[in-house]
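Quick notes on the structure that follows.
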Amino acid sequence: MQYITYIIAWRYISRSAREDTLSTMVLISFLGIFIGSFSLTLISAIMHGFDIETQKKLQGIHAHAIMHAQDDSLNFEALKLVLNQEFPMIDAFCPTSQAHGLLQEDSQDANNPSVIIIKAIDPLCEPAVTTLMQNSMPHNCIMNMVNDGIIIGSALAQHHKLNINDMVQIYYAENTNPTKNKVTFHAKQAQIVGFIQTGIDDFDSSLVLCSFDFFDSLFPDIGIQEVHIKFKNTTDITKTIMALKKRLQLHIYSWQELYPALVSALLLEKYVSCIVLALITLVASMNIIALIFMKITAKRLDIAILKALGLSNSSVSTIFLLFGAGIALTAALCGITLAMLSGWLIDHYQLIHLPDAYYVSYVPAHISWPIPVGVFLLVCIISFLAAYIPARQTRKLSIAHTLRFEE
């Protein structure tokens, strides 16, 4: 008996397209769920792509966690001992300091100076903590940051028309906390050894990287302000940061805390878009209810004959449940497959470009396995619920009345 339900359900599905009264409704139901599942999968992949690419961009500048000196400079040698011995979940760490200044090309027809962020890094350990130097040109320019060598942002270099080995003037104020309403700037000459392009305009137009020797010659009283920390992949970052705070009594925070509005916006957009598209899929699945009611009305005589031959009410309900679910799941599979293909094309060929206001230059689409599986399970649940409601109505069909009056 169980095989009969499958055979009849398949027959109803295959013949529905040739029945004038139902073919249009089948097409509408199919297209509704197809479009809903396609949109939900593609938008989820795009939002996931934005999340991943934005994190990559920001982690090119910032490490997983930042240890900041509250008042005075950090004792890096003492911190190094504690971090190495007591926190094995830390993969790497690196000191850094930063201050502000002005940059101007060293020529007679120089443009107005630009405000810059002067950031001191350790060339040996910085590549192990951030991906900052992966975006530098030439690739090994970090090793040339000796004496007066600096690396500047690509937009800053373009604004001042600077090239490799050009000389620039760095203007700085030794006293960072002046007691009077007057600041005296000093000048120091530096040589450009490379450029860096992070994709974030705020950094590309103002960032200047230098060695600690160069930085200390400008600001001898600052010392080491921050320690950037990279954790191992399996580390619970939030829990580890709490342990570091408790042990070291320092201000330690993750890179997400530097951009709370951005992180919240990405999370909100992801959830809102998924909820809205899930509701669209739910509305599209409601067509299944109307379709099955129409099918039951058209097959009243078949239902009565099947019941008279001994087919149980549950088996008859299963026929129409499979009928509705078969259409819905076929549409969902087609929609998800097309969405995955579209997402790959959009991401691989960078088909949709974005203005500079975004952290990424194109619309990314990263499809991980939870996205299509989650969409398919959601459509399964919605379609089975939508098909179950009308399928139960076959139990109320009167065999005698239908056989007597239906033709």
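Among the residues of region 66-75, count how many are at pLDDT below 90 and either assigned to a strand (DSSP E or B) or buried (at least 16 other Cβ atoms within 10 Å of the Cβ) (or both). The qualifying residues number 2. The one condition from (1) part of a helix (DSSP H, G or I); (2) of a type in the set (Ser, Thr, Tyr); (3) open to solvent by 30 Å² or more (accessible area, probe 1.4 Å) that Ser44 does not meet is (3). If the condition is being among the hydroxyl-bearing types (Ser, Thr, Tyr) and either open to solvent by 70 Å² or more (accessible area, probe 1.4 Å) or within 18 Å of Leu403 (Cβ to Cβ) (or both), then region 265-288 contributes only Tyr271. You will find that of Gln249, Gln256, the residue that is open to solvent by 30 Å² or more (accessible area, probe 1.4 Å) and under 20 Å from Thr130 (Cα atoms) is Gln256 and no other. Scanning region 379-407 for residues that are at pLDDT below 75, among the polar types (S, T, N, Q) and not in a loop (DSSP other than H, G, I, E, B) yields one hit, Thr402. Of all positions in region 372-383, at least one carries a residue that is free of Cβ contacts under 8 Å to residues at least 12 places away in the same chain, among the β-branched types (Val, Ile, Thr) and under 30 Å from Ile303 (Cα atoms). With respect to the conditions (1) of a type outside the set (S, T, N, Q); (2) in a strand (DSSP E or B); (3) crowded, with 16+ Cβ neighbours inside 10 Å, Lys188 falls short on a single one, namely (3).
Does Glu86 fit the bill of being of a type in the set (D, E, K, R) and modelled with pLDDT of 90 or more? Yes.
Residues of region 15-42 that are polar (S, T, N, Q) and modelled with pLDDT of 80 or more: Ser23, Thr24, Ser29, Ser37, Ser39, Thr41.
Within region 216-235, being within 20 Å of Glu86 (Cβ to Cβ), part of a loop (DSSP other than H, G, I, E, B) and at pLDDT 90 or above holds for Ile224, Lys232. Using the structure shown, decide if Ser37 is in contact with a Gly (Cβ under 8 Å, 6 or more places away or on another chain), outside any helix (DSSP H, G or I), open to solvent by less than 90 Å² (accessible area, probe 1.4 Å) and polar (S, T, N, Q). The answer is no for Ser37. Contact map, region 246-268: residues that are closer than 14 Å to Met47 by Cβ paired with residues that are among the hydrophobic types (A, V, I, L, M, F, W, C) and surrounded by 13 or more Cβ atoms within 10 Å (Cβ to Cβ), Cβ distance under 9 Å, separation 6+ or inter-chain. Pairs shown: Leu262/Leu58; Leu266/Met47; Leu266/Phe50.
Could you look through region 111-135, keep only residues that are modelled with pLDDT of 85 or more and under 17 Å from Asn163 (Cα atoms), and pick out the one that is surrounded by the fewest Cβ atoms within 10 Å (Cβ to Cβ)? By that ranking, first place goes to Pro113.
Among Leu322, Leu291, Leu306, which is in a helix (DSSP H, G or I), open to solvent by 20 Å² or more (accessible area, probe 1.4 Å), closer than 26 Å to Ile35 by Cα and out of contact with any Asp or Glu (no Cβ under 6 Å at 6 or more places or on another chain)?
Details: Leu291 fails: open to solvent by 20 Å² or more (accessible area, probe 1.4 Å); Leu306 fails: closer than 26 Å to Ile35 by Cα.
Only one candidate qualifies: Leu322.
Please determine whether any residue of region 240-250 is in contact with a helix residue (DSSP H, G or I) (Cβ under 9 Å, 6 or more places away or on another chain), part of a loop (DSSP other than H, G, I, E, B) and within 28 Å of Asn84 (Cα to Cα). Within region 240-250, one or more residues are in contact with a helix residue (DSSP H, G or I) (Cβ under 9 Å, 6 or more places away or on another chain), part of a loop (DSSP other than H, G, I, E, B) and within 28 Å of Asn84 (Cα to Cα). Given the conditions (1) closer than 26 Å to Asp91 by Cβ; (2) at pLDDT 90 or above; (3) open to solvent by 10 Å² or more (accessible area, probe 1.4 Å), report the number of the one that Ile151 does not fulfil. Only one criterion is unmet by Ile151, namely (3).
Report whether or not Asn140 is open to solvent by 50 Å² or more (accessible area, probe 1.4 Å), polar (S, T, N, Q) and in contact (Cβ under 8 Å) with a residue 40 or more places away in the chain. Judged against the criteria, Asn140 is not a match. Here Ala63 passes the criteria (1) modelled with pLDDT under 85; (2) under 29 Å from Thr234 (Cβ atoms) except the one numbered (1).
Every test in (1) touching a residue at least 40 places away in the same chain (Cβ under 8 Å); (2) surrounded by fewer than 19 Cβ atoms within 10 Å (Cβ to Cβ); (3) under 15 Å from Phe323 (Cα atoms) is passed by Ser23 save one, and that test is (1). Does Lys182 satisfy the condition of being open to solvent by 30 Å² or more (accessible area, probe 1.4 Å), out of contact with any Lys or Arg (no Cβ under 8 Å at 6 or more places or on another chain), of a type in the set (Lys, Arg) and assigned to a loop (DSSP other than H, G, I, E, B)? In short, yes.
The values are calculated or read from the model by the stated rules, or taken from the named source; none is laboratory data. All values reported here derive from a predicted model rather than from experimental measurement. Note that each Cβ is placed from the backbone with ideal geometry, even for glycine, and that neighbours are counted across all protein chains shown. These area figures cover heavy atoms from the full protein model, side chains too; ligands, DNA and RNA do not enter into them. Shrake-Rupley method; radii C 1.70, N 1.55, O 1.52, S 1.80 Å.
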